[in-house]
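Here, each number is a calculation from the coordinates, and none is a lab measurement. Worth saying up front: this structure is predicted, and the values here are computed from it rather than measured. Methodologically, a virtual Cβ is constructed for each residue, glycine included, from the backbone with ideal geometry; neighbour enumeration extends over all protein chains shown.
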Amino acid sequence: MDTSETCPGCGGSFDVSDGPTHRYLGASPGCWAVYGEVLAKEYSDAAYYRVHRLTVDAYSAQHPVQRNILAGVQPRQSSRWPFI
């Protein structure tokens, strides 16, 4: 039995998990769990505060929005699309 799975967003290999994921970011449960560990470290140590935004932006860029989840959401008329 395979004990790892590939994250559909970043392509990384993570332990199989049936844990939670983000509502619309394309991440596997294992990848989402590791990201949570990184955030916990950042929140617990002030030395990491200055890179927190970079962590969030990089993770989000590697895990695109699942369009099928947002199918009923209309985009704003803005040059910032696809960000809604």
### Message
If the only charges are +1 at each Lys and Arg Cβ and -1 at each Asp and Glu Cβ, what is the size of the charge dipole of region 4-62 around the Cα centre, to the nearest 20 debye?
### Response
240
### Message
For a quick check: sort Leu39, Leu25 by the number of other beta carbons within 10 angstrom, fewest at the front.
### Response
Leu39, Leu25
### Message
Give me the mean projected area, in nm² to one decimal, of the convex hull enclosing the Cα positions of region 4-62.
### Response
4.0
